[in-house]
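See below for the structure under consideration.
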Amino acid sequence: MRRCFSTATNYFEIHLKNELAGIKSAGTFKNERVIQGKQGVLVKVTGSDKPVINFCANNYLGLSSHPEVIAAGQKALETHGAGLSSVRFICGTQDIHKELEQKIAKFHGTEDTILYAACFDANGGIFEVMTGEQDSIISDELNHASIIDGIRLSKAKRLRYKHLDLGDLETKLKESQDSRFRLIVTDGVFSMDGDVAPLADISKLADKYNALLFIDECHATGFFGKTGRGTAEAVGGNPHVINSTLGKALGGSMGGYTTGPKPLIDLLRQRSRPYLFSNSLAPSIVGSSIKVFDLLMNDSSFIGSLQTNVSHFRKSMAANGFTILGNDPTHPICPVLLGDAKLAATMADELLKQGIYVIGFSFPVVPKGKARIRVQISAAHTKEHIDQLIEAFAKVGKKLNVV
């Protein structure tokens, strides 16, 4: 039976098609490549006749398909079931959820932790609980979209400071001194540029002006810093509240969390809407994540391999004439700046033909004129993988007149 649509529906469909056509003509349409099989250093992509080397995953430690992590997820699936069919406060809290929350708090040296379905939810659920009309939130202008969306839900006064600009941050702190509480909000590492926040200096300003400090550690937890404790360990600083993810270096499955003072975590359990109205994390994810934290707390050797790979790539690419973004040469986010959106997309396609899987990023994910290919290095990559990546960039870069 054919469905009949109203004139309004037809006009709306035309509008949607026009929007899509505009995205395609601008060269910013995002096609999803399909991976056949497990996530890893080598993946089989539909349309490619052989495996390609993956340099675009957030799999910084290579744990997404680690055999012990997979086995732990399978065991939890058998012992605790496929899911809870419930939110946490009704009948959705298992012993393993509490075990994981305690392990995360121990890892970060905090009092308590609350789990979410994703860090996007953690960021979406914290600011309206922490702040109200009498307060001010002072946020870096390039913070992640989830932070921006979460702040919009708060009734606090919102101020933005220029990216990594301590002077502008201090100005905003001075302007908001009549607030009850002030909350400085920053990413620890900014995912599109690979910039690391000057957390030690931000902490000093927070102390000077009696402000609270929140940090999103999604692109730092597990691998940044000597033992993977994140930005504070790497560059100093003392954030009061940390949000992070289980979906990147920590096994790459799903889930996010807030970790910090116990009274805050207790209040989030009572008032944070994404927590109260979302199903509990699946047991298999929880089991895998527990194993990841056990691995990290017993052996941080993954991090040394990662640093060696990052250094080799950055130095070689700079020598070949490429511009690599980021203010910290030790971080594995290595964006190769190209400028033009269509060039970035074309270069990514050409690199795939060379056996290198990367993605071009352009507006609105990054500013117009700042398109780039974001290369992400993993501890699981070998020197041979890195060498093949460098050679492919040099070959394609010459072909496209980039270098």
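The values are calculated or read from the model by the stated rules, or taken from the named source; none is laboratory data. Everything numeric here is computed off the predicted structure, so don't read it as measured data. Please note: Cβ atoms are built from the backbone with ideal geometry, for glycine as well, and neighbour counts cover all protein chains shown. Just the protein is used for accessible areas: all its heavy atoms, side chains included, with ligands, DNA and RNA removed. Shrake-Rupley method; radii C 1.70, N 1.55, O 1.52, S 1.80 Å.
For the chain, which whole percent of the accessible surface, found with a 1.4 angstrom probe, sits on carbon and sulfur atoms? Answer for the chain: carbon and sulfur cover 52 percent of the accessible area. Approximating the spin labels as points 7 Å out from Cα along Cα→Cβ, the residue 208-to-residue 365 distance works out to 3.7 nm.
The label-point distance for residue 262 and residue 403, in a model that sets each label 7 Å from Cα toward Cβ, rounds to 5.5 nm. Ranking 130, 254 by solvent-accessible area of protein heavy atoms (1.4 Å probe, all protein chains present), from largest to smallest, gives 254, 130. Residue by residue, the stretch 372-377 carries 3J(HN,Hα) couplings of 7, 9, 8, 8, 10, 8 Hz when phi is fed to the Karplus relation 6.51 cos²θ - 1.76 cosθ + 1.60 (θ = phi - 60°); x denotes Gly or Pro. Among beta bridges from DSSP that stay inside the chain, the antiparallel ones total about 55%.
Show the residues, 5+ positions off or on another chain, whose built amide H is closer than 5 Å to the amide H of residue 213. Result for residue 213 returns 184, 240, 241. Kindly state, to the nearest 0.05, the FRET efficiency for residue 382 paired with residue 328, given R0 = 25 Å and r defined as their beta-carbon distance. Given R0 = 25 Å and the Cβ-Cβ separation, E is 0.60. Taking all protein chains into account, the per residue accessible area for the chain stands at 47 Å² (1.4 Å probe). Summing +1 for each Lys or Arg and -1 for each Asp or Glu among the other residues whose beta-carbon sits under 13 angstrom from that of residue 241 gives -3. If you wrap the stretch 287-368 in the convex hull of its Cα atoms and look at it from every side, the mean projected area works out to 7.7 nm². Legend: P(r) of the stretch 182-282 from all alpha carbon pair distances, 5 Å bins from 0, whole percents, reading 3, 12, 20, 23, 20, 14, 7, 2, 0.
Here the stretch 68-298 carries DSSP beta bridges of which approximately 40% are antiparallel, counting only pairs with both residues inside.
Per DSSP helix of 4 or more residues, -39500 (n - 2.57); summed, then divided by the residues of the chain. What does that give at 222 nm, rounded to the nearest 500? Numbers along the way, then the final one.
Working: 15 runs with 175 residues, N = 403.
Helices in the chain give a 222 nm mean residue ellipticity of -13500 deg cm²/dmol.
Distance between Cα centroids, the stretch 223-283 to the stretch 79-145: provide it in whole Å. That distance is 6 Å. Under 5 Å between amide hydrogens, built in the peptide plane, is the criterion, and for residue 160 it picks out 139 among residues at least 5 positions away or on other chains.
Using the Cβ-Cβ distance between residue 10 and residue 301 with R0 set to 60 Å, the FRET efficiency works out to roughly 0.50.
Of the options (i) 150; (ii) 181; (iii) 241, only one is volume of the Cα convex hull per residue in Å³ as computed from these coordinates, and that is (ii). Heavy-atom accessible area, probed at 1.4 angstrom with all protein chains present, ranks 112, 149 as 149, 112, highest first. Applying 1/(1 + (r/R0)^6) with R0 = 22 Å to the Cβ-Cβ distance of residue 42 and residue 349 gives a FRET efficiency near 0.70.
For the stretch 37-113, the alpha carbon convex hull comes to 149 Å³ per residue, rounded to a whole number.
A 23 angstrom limit on the alpha carbon distance is what I want to check against. Which of 106/226; 38/342; 157/368; 38/399; 353/395 exceed it? Correct reply: 38/342; 157/368; 38/399. Here's the picture: a label point sits 7 Å out from the Cα of residue 87 along the beta-carbon direction, and within the stretch 262-294 the residues with their amide nitrogen under 16 Å of it are 266-281.
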